[in-house]
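A quick write-up on the structure given underneath.
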Amino acid sequence: MQPAQSHRPGPHREELTQVAELAGRYGVRVVTDEILAPLTYPGVRHVPFPSLGHEAAAGSVALVSASKAWNIAGLKAARRPYRRGADPRGGQRGGRPGVLASEAAFTDGGPWLRQLLTGLDANRRLLTALLAEHLPGIGYHPPQAGYVAWLDCRALGWDDDPAEVFLRHGRVGLSSGTRFGPPGHGFVRLNFATAPDRLAEAVHRMTTAGQRRDRRHTTVSMRCTTTALTLPLPIRIVVTPSINPRSTATTGR
C-alpha cells in the first residue's frame, strides 16, 4: 500500500488503524511505500504506518528513500527497514554513492527540500488556475504529496485515450491512465515538477490539442453527412433518362 499517494489524499490515521487491525487478524504482512513522505505539503500530516503502534510496526515493512524528494534515484538509494529477526540482506542493492547522498539529504537537505516544496506548491496551484481557465472540463484535485497530477478527462467525451490525443495533436507527453489499471481509462497523469512557464506551455498545448481533435472530428462528421445527402442525386439523374430519354431531353430545352 502507499500511504502517501501522489494523486490522491493519503489515508487518515483511523483508516490506517483499520488496515493494521485487519492485517493482524489475518496474519498479513503490510508493506508500505513511504518514499513520498518528505514531499508532503504544508498543512498535511503524513502518518507513517509503523508509528501506529508496536503491533503495526512488528507486522509491517516500510520503504523509505531520499530518491524522489532529493532527485537521487539514479544512485540506488532506497532502504528497507526490517523487523527484528528478519534477514537484512535480501533486496539490498544500494551503492556507496547512494548511501552518502541519502545521508546528506536526510541530514542537511532540509532547507533545500523546503524550497522545493514551495515551488511545487506554487505549481500545483498554478495548474489549478490554468485548468480552470483553459480546460474546465478536466477534473483535478491538487495532490497532498508529490509532484504528479491525476487528471480526469472523461467529461471531454473522447473515445480515444486522452494521452494519445494530447501527444498527437499537441505534442505534449502525459502518462496514460490505463497504465495504472482499467479504472484509469479516461485519465492522464501530468508531472508538474518543472518551471512554471513550461507548465503553462503544457496546458496551452493540451488546449490546442483538444481544439484540433474536436475540429478534425467535426470535419469528418460533416463529410459523412454531406456524402449521405448527395448520394441519392446522381442516382436520380441516371435513372430518369433511362426511363424516357426523349421526353427528358425535350423538357430540358
Applying the selection to the range 138-147, what residues are at pLDDT 95 or above and part of a strand (DSSP E or B)?
-> 139, 140
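I'm trying to understand the selection: among the residues of the range 32-44, which are touching a helix residue (DSSP H, G or I) at 6+ places or on another chain (Cβ under 9 Å) and either farther than 24 Å from residue 101 by Cα or assigned to a helix (DSSP H, G or I) (or both)?
Across the range 32-44, the qualifying residues are 38, 39, 42.
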Of 91, 53, the only residue that is surrounded by fewer than 19 Cβ atoms within 10 Å (Cβ to Cβ), modelled with pLDDT of 90 or more and at positive phi is 53
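In the range 45-64, what residues are in a helix (DSSP H, G or I), out of contact with any strand residue (DSSP E or B) (no Cβ under 9 Å at 6 or more places or on another chain) and in contact (Cβ under 8 Å) with a residue 12 or more places away in the chain? Before the answer, list the steps.
We begin by selecting, within the range 45-64, every residue in a helix (DSSP H, G or I); these are 49-52, 54-58.
Cutting the leftovers down to out of contact with any strand residue (DSSP E or B) (no Cβ under 9 Å at 6 or more places or on another chain) gives us 51, 54-55, 57-58.
Once the filter is applied, which keeps residues that are in a helix (DSSP H, G or I), out of contact with any strand residue (DSSP E or B) (no Cβ under 9 Å at 6 or more places or on another chain) and in contact (Cβ under 8 Å) with a residue 12 or more places away in the chain, the range 45-64 yields 55, 57, 58.
Does residue 155 fit the bill of being over 29 Å from residue 35 (Cβ atoms) and surrounded by fewer than 14 Cβ atoms within 10 Å (Cβ to Cβ)? Break it down into steps so the answer makes sense when it comes.
Values: over 29 Å from residue 35 (Cβ atoms): yes; surrounded by fewer than 14 Cβ atoms within 10 Å (Cβ to Cβ): yes.
It is true that residue 155 is over 29 Å from residue 35 (Cβ atoms) and surrounded by fewer than 14 Cβ atoms within 10 Å (Cβ to Cβ).
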Among the residues of the range 166-186, how many are assigned to a loop (DSSP other than H, G, I, E, B), touching a helix residue (DSSP H, G or I) at 6+ places or on another chain (Cβ under 7 Å) and among the small types (Gly, Ala, Ser)?
-> 2
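Within the range 59-81, can one find any residue that is of a type in the set (D, E, K, R), exposed (fewer than 14 other Cβ atoms within 10 Å of the Cβ) and at pLDDT below 90? Even if it seems obvious, please write down each step before you answer.
Filtering the range 59-81 for residues of a type in the set (D, E, K, R) gives 68, 76, 79-80.
From the residues that got through so far, the ones that are exposed (fewer than 14 other Cβ atoms within 10 Å of the Cβ) too are none.
No: zero hits.
Here is a yes/no grid of residues against (1) more than 15 Å from the chain's Cα centre (by Cα); (2) surrounded by 14 or more Cβ atoms within 10 Å (Cβ to Cβ); (3) in a loop (DSSP other than H, G, I, E, B); (4) assigned by TED's automatic domain parsing to the domain that holds residue 34:
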| residue | (1), (2), (3), (4) |
| --- | --- |
| 133 | yes, no, no, no |
| 164 | no, yes, no, no |
| 188 | no, yes, no, no |
| 197 | yes, no, no, no |
| 201 | yes, no, no, no |
| 206 | no, yes, no, no |
| 209 | yes, yes, no, no |
| 212 | yes, yes, no, no |
Take residue 121 and decide whether it is part of a loop (DSSP other than H, G, I, E, B), surrounded by fewer than 17 Cβ atoms within 10 Å (Cβ to Cβ) and of a type in the set (D, E, K, R).
-> no
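Among what's in the range 29-48 and is more than 22 Å from residue 105 (Cα to Cα) and surrounded by 12 or more Cβ atoms within 10 Å (Cβ to Cβ), pick the residue that is farthest from the chain's Cα centre (by Cα).
Step one: list which residues in the range 29-48 are more than 22 Å from residue 105 (Cα to Cα), which gives 29-31, 43.
Next, from what is left, pick out any that are surrounded by 12 or more Cβ atoms within 10 Å (Cβ to Cβ): 30-31.
On the way: 30: 25, 31: 23 Å.
Ranking the candidates gives 30 first.
Could you pull out the residue among 85, 110 that is under 24 Å from residue 20 (Cα atoms) and either surrounded by fewer than 15 Cβ atoms within 10 Å (Cβ to Cβ) or at pLDDT 90 or above (or both)? I'd like the intermediate steps shown before the answer.
Values: 110 fails: under 24 Å from residue 20 (Cα atoms).
Exactly one of 85, 110 is under 24 Å from residue 20 (Cα atoms) and either surrounded by fewer than 15 Cβ atoms within 10 Å (Cβ to Cβ) or at pLDDT 90 or above (or both), namely 85.
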Looking at 126, 113, which is the one that is over 20 Å from residue 200 (Cβ atoms) and part of a helix (DSSP H, G or I)?
-> 113
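The values are calculated or read from the model by the stated rules, or taken from the named source; none is laboratory data. Computed from a predicted model, the values in this text were never measured in an experiment. Cβ: placed from backbone, ideal geometry, glycine included. Neighbour counts: every protein chain shown.
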